Amino acid sequence: MTVLLRPHHLLCILTHVGRGYSPAFTANMAAIIERVSAGEEIEIVDGPDDICAPLLHEEDAHCRRDSVIARDRAASDDIGKVLQITVRSGARLSLDDASIQYLRSAFADMRLRSACEGCAWASLCSDVAAARYAGTCLHGKD
């Protein structure tokens, strides 16, 4: 199978420590991260993805807001520059330990943070990065 992720969720999974919008969201996020950690391929999508699924029943799900779409564009640009790839709908990638460490390094030194502006979770993610990602859920496959 393939994990469907919108671009900014590639950043979110780097710092996830088990907190989220709801228990269902958090459980789903943990399950998605477990699949990615096991080496499952990621496909980039436009709009709501596998992580958004528990929120889509909400009438005004923030997953569809213009601000989140703008966050995806910023993440695509940043990740593309750091990994030297084109991050767009349909692109596929896998994360191993080396790529996760590389992305986390870029996140910690602010090269992957333009998508985080205005995000309610930005300070938590900054704290996680400052703590060298202690307690995070994502671990790449060797």
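The values are calculated or read from the model by the stated rules, or taken from the named source; none is laboratory data. Worth saying up front: this structure is predicted, and the values here are computed from it rather than measured. Glycine gets a Cβ as well: all are built from the backbone with ideal geometry, and neighbour counts include every protein chain shown.
Observations on the model:
- All positions within segment 1-57 that are acidic (Asp, Glu) and touching a strand residue (DSSP E or B) at 6+ places or on another chain (Cβ under 7 Å): GLU40, GLU41, GLU43, ASP49, ASP50
- Segment 45-68, subset among the β-branched types (Val, Ile, Thr) and modelled with pLDDT of 95 or more, residue nearest to HIS139 (Cα to Cα): ILE51
- Enumeration of residues in segment 49-84 that are over 24 Å from SER99 (Cα atoms), of a type outside the set (D, E, K, R) and in a loop (DSSP other than H, G, I, E, B): LEU56, HIS57, ALA61
The rows are residues; the columns are (1) of a type in the set (Val, Ile, Thr); (2) touching a Phe, Trp or Tyr at 6+ places or on another chain (Cβ under 7 Å); (3) closer than 24 Å to ALA38 by Cα.
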| site | (1), (2), (3) |
| --- | --- |
| VAL82 | yes, no, yes |
| ARG88 | no, no, yes |
| ARG111 | no, no, no |
| SER114 | no, no, no |
| SER123 | no, no, no |
| SER126 | no, no, no |
| THR136 | yes, no, yes |
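- Checking each residue in segment 115-139 for being under 26 Å from GLU41 (Cβ atoms), outside any loop (DSSP other than H, G, I, E, B) and either in contact with a His (Cβ under 8 Å, 6 or more places away or on another chain) or not aliphatic (A, V, I, L, M) (or both) picks out ALA115, CYS116, CYS125.
- Scanning segment 60-84 for residues that are farther than 13 Å from LEU10 by Cα, without any contact (Cβ under 8 Å) to a residue 12 or more places away in the chain and surrounded by 14 or more Cβ atoms within 10 Å (Cβ to Cβ) yields a single hit, ALA70.
- Cβ-Cβ under 6 Å pairs, at least 6 apart or on other chains, segment 117-142 side without any contact (Cβ under 8 Å) to a residue 60 or more places away in the chain, far side buried (at least 16 other Cβ atoms within 10 Å of the Cβ) and not charged (D, E, K, R): ALA122/CYS116
- Single residue of segment 1-21 satisfying the filter (at pLDDT below 95 and touching a Leu at 6+ places or on another chain (Cβ under 8 Å)) that is surrounded by the most Cβ atoms within 10 Å (Cβ to Cβ): TYR21
- Answer residue from segment 85-114, given it is touching a strand residue (DSSP E or B) at 6+ places or on another chain (Cβ under 9 Å) and either at positive phi or assigned to a loop (DSSP other than H, G, I, E, B) (or both) and is surrounded by the fewest Cβ atoms within 10 Å (Cβ to Cβ) among those: GLY90
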